[in-house]
1. Could you list, in sequence order, the residues of segment 88-111 that are surrounded by 13 or more Cβ atoms within 10 Å (Cβ to Cβ), under 19 Å from the mean Cα position of the chain (by Cα) and either among the acidic types (Asp, Glu) or part of a strand (DSSP E or B) (or both)?
2. Hey, residue 53 hits all of (1) modelled with pLDDT of 90 or more; (2) over 26 Å from the mean Cα position of the chain (by Cα); (3) on the phi < 0 side of the Ramachandran plot but one; which does it fall short on?
3. Being within 22 Å of residue 83 (Cα to Cα) and either assigned by TED's automatic domain parsing to the domain that holds residue 82 or among the aliphatic types (A, V, I, L, M) (or both) is the requirement here; does residue 156 meet it?
4. Looking at segment 141-151, is at least one residue over 23 Å from residue 41 (Cβ atoms), in contact (Cβ under 8 Å) with a residue 24 or more places away in the chain and part of a strand (DSSP E or B)?
5. Yes or no: residue 43 at pLDDT 95 or above, in contact with a strand residue (DSSP E or B) (Cβ under 6 Å, 6 or more places away or on another chain), loosely packed, with under 12 Cβ neighbours inside 10 Å and within 16 Å of residue 160 (Cβ to Cβ)?
6. Would you confirm whether any residue within segment 112-120 is crowded, with 17+ Cβ neighbours inside 10 Å, at pLDDT 95 or above and either under 27 Å from residue 40 (Cα atoms) or not β-branched (Val, Ile, Thr) (or both)?
7. Condition test on residue 85, is it over 14 Å from the mean Cα position of the chain (by Cα) and modelled with pLDDT of 95 or more?
8. Quick one: count up the residues across segment 62-78 that are closer than 13 Å to residue 159 by Cβ and either basic (Lys, Arg) or not in a strand (DSSP E or B) (or both).
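The values are calculated or read from the model by the stated rules, or taken from the named source; none is laboratory data. Please read these numbers as outputs of a predicted model, since none were measured by experiment. Note: ideal-geometry Cβ built from the backbone for every residue, glycine included; neighbour counts use all protein chains shown.
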Amino acid sequence: MKLLLFLILIFSFAVTSCNSDKKGKDSPDDLQTRKALVRKLLIEDYDFAVLENKKFIPYNKAIYHRGDEVFMVLKNVGQFARGRDSLNHAEMKLEIFDAIGQTITIRENLFGERGHTDLKDNMLKKPYASYETDNSDMVGKYSFKITIYDLISGDSTSVNDDFYIE
């Protein structure tokens, strides 16, 4: 019985030692794994939309004409962490890709100082980004990618989908 307890103790010490660096702290791989498990920033859903009378109307066809403004409206993005000042700090990036995958637009820091705020329930309810098409855009498939960042926790999440210009 004593031998069994001794072997269990040695085994548990060996497992703990393998998962820690020399100072007893977690290894970078363990921290990366734990961070992936703690991921809280999610996008509930999204819609392509058109803007009519200052209101977003879902536009599920995702087919636009040259000169149209394409909106992607996200729904309920969160949970954002709170900083020492009890505020959240969100940021957003927009990327547009053409039919062959080349980046044609990148817009970063879309929230600016407005992203450093008190978010109700630590959620962004309906953040959106837009791309204004013009007559020089080729007909075809384009891709819309929005990335939301939690600047306090370091977490991020993205959504991308295709739309068409005819």
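1. Passing the criteria: 88, 89, 90, 91, 92, 93, 94, 95, 96, 97, 105, 107.
2. So residue 53 meets the others, but not (3).
3. Yes, satisfied.
4. Checked against the condition, which is being over 23 Å from residue 41 (Cβ atoms), in contact (Cβ under 8 Å) with a residue 24 or more places away in the chain and part of a strand (DSSP E or B), segment 141-151 yields at least one hit.
5. Considered against the rule, which asks whether it is at pLDDT 95 or above, in contact with a strand residue (DSSP E or B) (Cβ under 6 Å, 6 or more places away or on another chain), loosely packed, with under 12 Cβ neighbours inside 10 Å and within 16 Å of residue 160 (Cβ to Cβ), residue 43 comes out as no.
6. Step one: filter segment 112-120 for residues crowded, with 17+ Cβ neighbours inside 10 Å, giving 115, 119.
Filter again for at pLDDT 95 or above, leaving 115, 119.
Still in the list and also either under 27 Å from residue 40 (Cα atoms) or not β-branched (Val, Ile, Thr) (or both): 115, 119.
For segment 112-120, residues crowded, with 17+ Cβ neighbours inside 10 Å, at pLDDT 95 or above and either under 27 Å from residue 40 (Cα atoms) or not β-branched (Val, Ile, Thr) (or both): present.
7. Criteria met by residue 85.
8. The number of residues fulfilling the criteria is 1.
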